[in-house]
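First the structure, in the form of structure tokens, and then the observations on it.
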Amino acid sequence: MKNKGGVMKRLINTFVLIFLSISIVWAEESEKKPKEVEIGKVVITATRTERPVKDVPNSVTIITKEEMDKMHVKTVDDVLQRVAGIRIKRSMWLSTTGSHTVLLMRGTGSSKRVLVLKDGIPLNDMYGGAVQEFSTLSTEDIERIEIVRGAGSALYGSNAMGGVINIITRPPKEKFEGSLSYEGGEMNTHIYNFNISRAYDWFGFRLSVGGRNTDGYEYMEKWKDYYKEPETDRYYISPEIHLKLGRSKLKFGFEYFDEDDVHATYKLYDLDRDTYKYHIDYSVSISDIDFNAKFYYFDYDYKDKSYKYNTKTKQHDKFYYKADVPKDNWGVMLQASKEIKGILFTIGSDLRWGKCESHYLYKKGPRYFEGKQKQYSWFLHAEYPLLKDKLILSAGIRYDWWKNYDGKFYDYTTGKKIAFEYPESTEDYWSPKAGLVYHLTDYTRFRVSYGKGFRAPDLYSLYRSGPHGPTLFDIGNPELEPEKMIYSIDVGFDTKPFYEIFKVAKDFNFSFTAYWSAFTDFIYRKELEPHEIPSYFTPEPGQEVRQKVNVGKVRINGIEVGIDYTFFKHFKIKANYTYNVSKIIKNPLAPETERKLLRYTPKHMANWSIIYDNPRLFTIALYCTYMGKVYYDEENKKPIDKYVVGDLRISRIIPLPTYMRGNMEIFLNIDNIWDEKYRHYYYYYLPHTTVMAGLKYTF
């Protein structure tokens, strides 16, 4: 329960905001609202071709570059955490490393069940199934982000059970443009980005570079003198070349991410992660057929040195282990689209390969594993408009086949050599989907969709065995079966209710979605008893030993409600609420978890914001998030308390002389303005109120 000081602080903040809002409304009452032209948005992700959002049977959110510029955001995950049905989970705020930034969607309990794309290319690696660069990806060169909720395996295969997110970068334009920004503040934090782009008749280029440095904070409640606040340095560079060759387009791109991190409690971890990404995108139209081919190769290199604290020397100088974990992903994505007698057909194939090695050298000896996976798939999608485009039917099906192979394990940490090969395994799965959209009026549509899906086990869960941070010890399970979504149903509508009924408030939008889904062989973690742990594994005292297993059955259902309203010309309010229940229905391996909620999946989530945006004066935006209670453990005995967090952004555009070509924005960001004590993980807390300020020059 909050103390009186905390309540008073909230009341003061709320009063100030209301007073400021009313004052501005009075000042602008006399301004006449100009006539607006409504432009329909398009989405690529929902069908793998560019289609109007209004014709898609899914619940879709599109966040544009203009919206992101006004948001209180530093990275892509900051943007996504304000979207209905999405929860972002971080361990140490800006010091969160790699895949420890977790994206949860539609109550599926893991970022492995949400497919994230960048310009249509999957970012989920085949090693762990998650996205490594969430805490590094800048928003500066992004054109828009498309979020498509619900089963997506019929078009995208594995990982797309909760939905698909596509990050679309800004294409070069004929006008030379770019931006340079800097933000700095508490914890010795510095964030800087630079991007430029330009297109000519047949040639274009885009370049984005940037970085972030922070000294971190005391993220544990019981902080000891010899603990070290995390020191994090991240850098990236992303050049891209665009070529127009007649009716064809060719795009070459490269990305490099560098992440260095040092943090320590009882054990010190010195991490170095380098990621190299290469991609080629080719499109051409021949005889009314649109062809597209994408090729990509991702090279991940992860190194880690760990030392234990020495009570005698008062230093972290007792060698624990040295790790080298190289990973590779590469793939080919092919598709063709053509309209035949009013029906738009899209057919294609996705091919993916992944391999990893894991070398750990301990004081007592080495531990090593490796494994490979390949996935082949074919898909077909069709869209058919009826009743003069008032009724849109869509359907699709996809076949996926994959193989796990070349799995090996070697251990010499107990003085006895343990070496064996894991058996090969192959699986396949059919993912159908069908949807219907009915346009009751120009401003009201009803939608329903049905689909199935799956997720192939990742290489980490299959083969990797060893410590996972200071408190956990993982043991691989090569007998894992794929997760199967046996059904996913979405029903919803989007409307402008006040305009439909009273012909007022045309800018007030309302959306509603209800969803139901069921899974078999859901991959979940199981805490092993001492007699279940193989003798050649030697976890540290107090470490929880866990293994991924297949749970019998899981059911998920919920509702999502959202509104947005622009009024008095410069005001915009947005709000969304998600009610979600994710329960284990059957689990023969651990009956005590049956009827319990999935870990880290809240029943209640809400986001709301109010923005005043006047280019002549300033922009002020308040963003608030409510997160309901969640549980850390499978038996729901370790709760993580609910919380409400507010973030504030104030910015002003400073006009520049004509010869400088552009404008300057000065801004102030305040995170956690009510100084809430809250956490995303069981052991780690997020920081108190933090203040950052910066400049952005756009040309």
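Brief remarks follow.
- Considering only the chain, percent of DSSP beta bridges that pair antiparallel, nearest 5: 95 percent
- Proportion of all alpha-carbon pairs of the stretch 551-699 beyond 24 Å (%): 53 percent
- Ordered by 1.4 Å accessible area with all protein chains kept, Met105, Met664 run largest first as Met664, Met105.
- Charge dipole magnitude, Cβ of K and R +1, D and E -1 - the stretch 646-699, Cα centre, debye nearest 20: 200 debye
- Taking the inverse of the mean reciprocal distance over all distinct Cα pairs, the Kirkwood hydrodynamic radius of the stretch 422-475 comes to 16.0 Å.
- Kirkwood estimate for the stretch 283-346, i.e. one over the average of 1/r between Cα atoms, Å: 16.8 Å
- Computed [θ] at 222 nm, deg cm²/dmol, the chain (DSSP H ≥ 4; -39,500 (n - 2.57); rounded to nearest 500): -2000 deg cm²/dmol
- For the stretch 485-584: rounded, prolate or oblate by the Cα gyration tensor [a/c cutoff 1.5]: prolate
- Using a simple spin-label model with pseudo-atoms 7 Å out from Cα toward Cβ, Glu66 and Lys638 lie 4.7 nm apart.
- Residue separation of Tyr200 and Thr444 scaled by 0.36 nm, minus their Cα-Cα distance, works out to 83.7 nm of gained length.
- The residues of the stretch 90-144 expose on average 14 square angstrom of accessible surface per residue, using a 1.4 Å probe on protein heavy atoms.
- Split the accessible area of the chain by element, probe 1.4 Å, and carbon with sulfur accounts for 59%.
- Cα shape, the stretch 194-343, gyration tensor, a/c 1.5 rule: prolate
- Gap separating the Cα centres of the stretch 372-438 and the stretch 570-621, nearest whole Å: 28 Å
- Separation of alpha-carbon centers, the stretch 67-116 and the stretch 537-566, rounded to whole Å: 15 Å
- 10 Å binning of all Cα-Cα separations within the stretch 400-512, expressed as whole percents from 0 upward: 11, 24, 18, 15, 14, 11, 5, 2, 0
- Two-site FRET efficiency, Ile343 against Ile280, from Cβ-Cβ distance with R₀ of 45 Å, rounded to 0.05: 0.90
- Taking a ≥ b ≥ c as the square roots of the eigenvalues of the Cα gyration tensor, an a/c ratio of 1.5 or more together with a/b no larger than b/c marks the stretch 126-215 as oblate.
- Accessible area in the full protein assembly, largest first, 1.4 Å probe, for Lys484, Lys629: Lys629, Lys484
- Measuring nothing but alpha carbons in the stretch 219-280 and taking Rh as the Kirkwood radius, the Rg to Rh ratio lands at 1.34.
- Computed accessible area, Phe420, all protein chains, 1.4 angstrom probe, square angstrom: 70 Å²
- In Å², nearest 10: area of Leu243 left accessible to a 1.4 Å probe: 40 Å²
- Normalised Debye scattering of the stretch 48-110 at q = 0.18 Å⁻¹ gives log10 I(q)/I(0) of -0.82, counting only Cα atoms as equal scatterers and leaving out solvent.
- Packing here is the average count of other Cβ atoms within 10 Å per residue, and on that basis the peptides 588-600, 257-269, highest first, run 257-269, 588-600.
- For Glu529, Glu50, Glu665, the ranking by accessible surface with the largest value first comes to Glu50, Glu529, Glu665, using a 1.4 Å probe.
- Solvent-accessible area per residue, Å², over the stretch 453-605 with all protein chains present [probe radius 1.4 Å]: 41 Å²
The values are calculated or read from the model by the stated rules, or taken from the named source; none is laboratory data. The structure presented is a predicted model; accordingly, all values stated were derived computationally and were not measured. Neighbour counts are summed over all protein chains in view; Cβ atoms, including those assigned to glycine, are modelled from backbone coordinates with ideal geometry. Surface areas here come from the heavy atoms of the whole protein model, side chains and all, with no ligands, DNA or RNA. Shrake-Rupley method; radii C 1.70, N 1.55, O 1.52, S 1.80 Å.
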